[in-house]
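Engineer: Below you will find the structure I want to go over with you.
Every read-out reported here was derived from the displayed coordinates using simple, explicitly stated rules and does not represent laboratory data. These numbers were taken from a predicted model, which means no experiment stands behind them. Neighbour counts are summed over all protein chains in view; Cβ atoms, including those assigned to glycine, are modelled from backbone coordinates with ideal geometry.
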Amino acid sequence: MAKIKLIKPFTMDLEHVRKGMQDIADHLVSEEGMKYRWINEDRLEFSHKSGKGSLQIAGDVLQLELKISLLYAAAAPIVKKKIMAFADEYIH
C-alpha cells in the first residue's frame, strides 16, 4: 500500500477552507467516482476502490492523508500531483 501525506498551509478563513474542502470532495466524486463523508466540521474522509484517505484542518494547515491499494500504487505520484493541484486551486 502506498501512502501519501501532504500539508497545505492556508491563510483563508476557516469558512472558506471548509468550502474549498467541499469543492475538492465534489470534484473527486464527479471526476473520479469517489465517495466521501464529513466526520466533523474540520475533517472529511473519502474512499474509492483504489484506496481511502482524509482531508483535515489542523491549525493553519490542511492535511491530506491517502492510502492507495497495492494494485494502484504505481499511480501514487500522479495522484499526489493531482491532489496538490486541487488544493492549490481551492485552498489559499
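Engineer: Might you report the magnitude of the Cβ-based charge dipole of the chain about its Cα centre, with Lys and Arg at +1 and Asp and Glu at -1, to the nearest 20 debye? The partial results should precede the final answer.
Structural biologist: Details: 14 positive and 13 negative charges, 116 e Å.
That gives the chain a dipole magnitude of about 560 debye.
Engineer: What is the sum of charges, Lys and Arg at +1 and Asp and Glu at -1, for the other residues whose Cβ falls under 13 Å from the Cβ of residue 88? Intermediate values should be presented prior to the final figure.
Structural biologist: On the way: positive: 8, 80, 81, 82; negative: 23, 89.
Surrounding charge for residue 88 is +2.
Engineer: Now for a different question. Between residue 88 and residue 58, how many nm apart are label points set 7 Å from Cα along the C-beta direction?
Structural biologist: 2.2 nm
Engineer: Pull up all non-local amide H partners of residue 51: gap of 5 or more, or a different chain, and H-to-H distance under 5 Å with H placed in the peptide plane.
Structural biologist: Sorted by chain and number, the residues that satisfy this are 69.
Engineer: Give me the net charge of residue 49's neighbourhood, meaning all other residues with Cβ under 14 Å from the Cβ of residue 49; Lys, Arg count +1, Asp, Glu -1.
Structural biologist: On the way: positive: 35, 52, 67; negative: 32.
Residues close to residue 49 contribute a combined charge of +2.
Engineer: Let me ask you something else. Would you tally the net charge around residue 67, using a Cβ to Cβ cut-off of less than 9 Å, leaving residue 67 out, and scoring K and R as +1, D and E as -1?
Structural biologist: Values: positive: 3, 52; negative: 65.
Charge balance near residue 67 sits at +1.
Engineer: With a cut-off of at most 13 other beta carbons within 10 Å, and DSSP calling the residue loop, which GluC sites (Glu not before Pro) in the stretch 1-53 qualify? Please list them. Before the final figure, lay out the partial values.
Structural biologist: On the way: sites: 15, 31, 32, 41, 45; in loops: 41.
Those that pass, being in a loop and sparsely packed, are 41.
Engineer: Any idea which of 58, 12, 74 is furthest toward the positive side of the dipole for the chain, if Lys and Arg beta-carbons carry +1 and Asp and Glu beta-carbons -1?
Structural biologist: Going by the charge dipole, the pick is 74.
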